[in-house]
1. Quick check, is residue 125 on the phi < 0 side of the Ramachandran plot, modelled with pLDDT under 90, in contact with a helix residue (DSSP H, G or I) (Cβ under 8 Å, 6 or more places away or on another chain) and part of a loop (DSSP other than H, G, I, E, B)?
2. Condition (residue is on the phi > 0 side of the Ramachandran plot and in contact with a strand residue (DSSP E or B) (Cβ under 9 Å, 6 or more places away or on another chain)) applied to segment 71-82: is it met by at least one residue?
3. Out of curiosity, is residue 64 surrounded by 14 or more Cβ atoms within 10 Å (Cβ to Cβ), out of contact with any strand residue (DSSP E or B) (no Cβ under 9 Å at 6 or more places or on another chain) and either closer than 15 Å to residue 121 by Cβ or at pLDDT 90 or above (or both)?
4. Residues 45, 10: which one is modelled with pLDDT of 90 or more and touching a strand residue (DSSP E or B) at 6+ places or on another chain (Cβ under 6 Å)?
5. Of (1) closer than 21 Å to residue 23 by Cβ; (2) buried (at least 17 other Cβ atoms within 10 Å of the Cβ); (3) in contact with a helix residue (DSSP H, G or I) (Cβ under 8 Å, 6 or more places away or on another chain), residue 107 satisfies all except one. Which?
6. Which residue pairs have Cβ atoms under 6 Å apart, sit 6 or more places apart or on different chains, and have a first residue in segment 10-34 that is on the phi > 0 side of the Ramachandran plot and surrounded by 11 or more Cβ atoms within 10 Å (Cβ to Cβ) and a second that is modelled with pLDDT of 55 or more and in a helix (DSSP H, G or I)?
């Protein structure tokens, strides 16, 4: 199994009131590979979405988790919409600060819509649905 924390949806006001652990804020045009060897002691990395159509932070999250093996909190900030949460979780984010006016409890329900996927993701060690079914033909769980 992995050591990556479960995904959290955070209200923007709560994020502003929280204490700041060792946090690194990475602009979405920065190359995370330049941080190799410099992540010791960093508890959280905040990746910024300047606009919901700008997906560069997804690639940054993937690189931080897969290649740099960062196991701390990867937090999405900026223009974070409910529609993005599932993809954020699958590419390595562990938390997201929602836009104002969005309900964190309602948003968290979107993460539970699908019980499995046809592709692997960065954070889950389980097999994709097709491979899992091939290994266990009697299984009907999706």
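1. Taking the combined requirement at face value, the residue does not satisfy it.
2. Initial filter on segment 71-82 (on the phi > 0 side of the Ramachandran plot): 78.
Right, trim to in contact with a strand residue (DSSP E or B) (Cβ under 9 Å, 6 or more places away or on another chain) and you get 78.
Yes: segment 71-82 contains one or more residues that are on the phi > 0 side of the Ramachandran plot and in contact with a strand residue (DSSP E or B) (Cβ under 9 Å, 6 or more places away or on another chain).
3. Here the answer is no, as residue 64 does not meet what is asked.
4. Residue meeting the stated conditions: 45.
5. (1) is the only condition that residue 107 fails.
6. Listed pairs, sorted by first residue: none to list.
The values are calculated or read from the model by the stated rules, or taken from the named source; none is laboratory data. Here the structure is a predicted model, which is why all the values come from computation and not from measurement. Quick reminder, even Gly has a Cβ in these numbers, built from the backbone with ideal geometry, and neighbours come from all protein chains shown.
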